[in-house]
1. Picking from 9, 57, which residue would you name as being in a helix (DSSP H, G or I) and at pLDDT below 95?
2. Mind listing just one residue for me: the one in the range 80-94 that is in a loop (DSSP other than H, G, I, E, B) and among the basic types (Lys, Arg) and, of those, farthest from residue 39 (Cα to Cα)?
3. Filter the range 57-68 down to the residues that are open to solvent by 20 Å² or more (accessible area, probe 1.4 Å) and touching a helix residue (DSSP H, G or I) at 6+ places or on another chain (Cβ under 8 Å) and list them by number.
Amino acid sequence: MATFSCLPFAFFLILILFTFSIQTANGGKEGSLRLQDCPKACEYRCSKTHHRKPCVFFCNYCCQRCLCVPSGFYGNREECPCYNNIKTKEGKNKCP
């Protein structure tokens, strides 16, 4: 009887460890976000700019293509090469 009472706890523990390892392995890399996570990540990324509306628009555009938003409010583009490689016609970065 004692082994059956530990079985649900062990299964739950393994499930949590597996989920945690998947999340930390993909953190900050391309494809680490789900499509529905893009708006929240872009709101945070653009929260300190005075040009919030275009920042959020282009951040969401880039996030939907790359499924990644660099950490922080500015910079850190090396975390998401796809995000960093999207350029305007003039060759400037399109993604904030």
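1. Of 9, 57, the one residue that is in a helix (DSSP H, G or I) and at pLDDT below 95 is 9.
2. It comes out as 89.
3. Answer for the range 57-68, where residues must be open to solvent by 20 Å² or more (accessible area, probe 1.4 Å) and touching a helix residue (DSSP H, G or I) at 6+ places or on another chain (Cβ under 8 Å): 60, 64, 65, 67.
Okay, residues lined up against (1) open to solvent by 80 Å² or more (accessible area, probe 1.4 Å); (2) in a helix (DSSP H, G or I); (3) at pLDDT 95 or above:
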site	(1), (2), (3)
28	no, no, no
39	no, yes, yes
43	no, yes, yes
70	no, no, no
78	yes, yes, no
96	no, no, no
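The values are calculated or read from the model by the stated rules, or taken from the named source; none is laboratory data. Not measured: the values here are computed from a predicted model. Every residue, glycine among them, receives a Cβ derived from its backbone with ideal geometry; neighbour counts consider all protein chains shown. Areas reflect the complete protein model, heavy atoms only, side chains present, ligands, DNA and RNA absent. Shrake-Rupley method; radii C 1.70, N 1.55, O 1.52, S 1.80 Å.
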